[in-house]
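Please treat every number below as a calculation from the coordinates, not as lab data. As the structure is a prediction and not an experimental result, all values here were calculated from the model. Every residue, glycine as well, gets a Cβ built from its backbone with ideal geometry; the counts of neighbours run over all protein chains shown.
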């Protein structure tokens, strides 16, 4: 039996909240495992009766304010001084809870690389997930060295959610961690059960992201001449940077998986992302592909890694390539072929959240075996 303390800075506050949904899925799948007991520290939200919540009322308020401000990564981009202060406060709180629960936890499961800065002393076992945003922190002078000093003397696995991150993490932390292992996240089973039957006369293109200029990329410019000519462009997500959206973009605000599964994916022609932001392995793309939607994506390492391995999509570098990709993916036969490849590849590689929990549990066992370093 593994006693796991899982931490996060993102978690849905209610059943209708979109924030941190994948952490809720991860926590629920681990809790369903018969060989794992789970406690949790992070933003408060709906939990099963068997998960112990370790946050104080002060922690709850701090984490809620952090979520309302868009999170550490957003603050570091928009208000660097505030972001540094909030980050330091987060690490102090997290270190305190880890230190206080060392004797009752076999493994710390720390979501996001920067959380490793909170590991208290030596002799701990920790699985640290790595996503695209915190991977980017390694480019900040001094951060890798600080992480190496904190990881040294502990039994650690780094678990990025994309294969392309592995070489750099191995090069940076080879002497401090037992292994770096790519761990694909899981997919809600309901996405696999979704069947799209779009109207052939109207092509509805879906984009789901946090609205920043980097994540939007050239989407607004490249769609201007295409809207209304058999194409609709629907945009979902929280607005994290103030911007004016043009009339041809139909903006719907934040959205939950329930709404996408019920109301949008069954009628969508495909998923579009032209992000220029540092991505890891965008969960929303995996879910769209599991639902049988072809993906049209900008040529980023994260998108290349996903689509080159899974198929089911088209990478674009220019406006002309984007136009051609929309035309191709709207073709009934091409779309059906892309959809089939996408769904099959995602199901075999990622599976469900229970499959993801099994991958993590194997790494817990690795950390707990005598002599692992």
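The table that follows gives values for the structure above.
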{"read-out": "In nm, spacing of pseudo-spin labels at residue 32 and residue 81 (7 Å Cα→C-beta vector)", "value": "4.8 nm"}
{"read-out": "Theoretical FRET efficiency, 1/(1+(r/R0)^6), r = Cβ-Cβ of residue 214 and residue 3, R0 45 Å, to 0.05", "value": "0.70"}
{"read-out": "Alpha-carbon centroid distance for the pair region 302-373 / region 248-298, whole angstrom", "value": "13 Å"}
{"read-out": "Ranking of 122, 179 by count of other Cβ atoms within 10 Å, fewest first", "value": "122, 179"}
{"read-out": "Extension gain from residue 252 to residue 61, taking 0.36 nm per residue of separation minus the Cα-Cα distance", "value": "65.9 nm"}
{"read-out": "FRET efficiency, 1/(1 + (r/R0)^6) with R0 22 Å, evaluated for residue 50 and residue 190 via beta carbons", "value": "0.45"}
{"read-out": "Relative packing of 182-189, 269-276, which averages over residues the other C-beta atoms within 10 Å, highest first", "value": "269-276, 182-189"}
{"read-out": "Residue exposure sequence - 165, 243 - by fewest surrounding Cβ within 10 Å", "value": "243, 165"}
{"read-out": "Peptides ranked, highest mean first, by Cβ atoms within 10 Å: ranges 80-91, 24-35, 1-12", "value": "1-12, 24-35, 80-91"}
{"read-out": "Overall form of region 189-349 per C-alpha gyration tensor (a/c, 1.5; a/b vs b/c)", "value": "rounded"}
{"read-out": "62, 173 arranged by Cβ crowding within 10 Å, fewest neighbours leading", "value": "62, 173"}
{"read-out": "Gain on full stretching of the segment that runs from residue 259 to residue 241 - 0.36 nm per residue minus C-alpha separation", "value": "4.1 nm"}
{"read-out": "Ranked packing of 99-105, 253-259, most packed first, by mean Cβ within 10 Å", "value": "253-259, 99-105"}
{"read-out": "Cα long-axis angle, helix 80-100 against the chain (0 to 90 degrees, to the nearest 10)", "value": "50 degrees"}
{"read-out": "Shape call, region 9-60: gyration tensor on alpha carbons, a/c limit 1.5", "value": "oblate"}
{"read-out": "Estimated FRET transfer efficiency when R0 is 35 angstrom, pair residue 333-residue 225 (beta carbons, to 0.05)", "value": "0.85"}
{"read-out": "Region 249-320: C-alpha gyration tensor shape, a/c 1.5 cut-off, then a/b vs b/c", "value": "prolate"}
{"read-out": "Between region 198-230 and region 8-42, the Cα center-to-center distance that results, in Å", "value": "32 Å"}
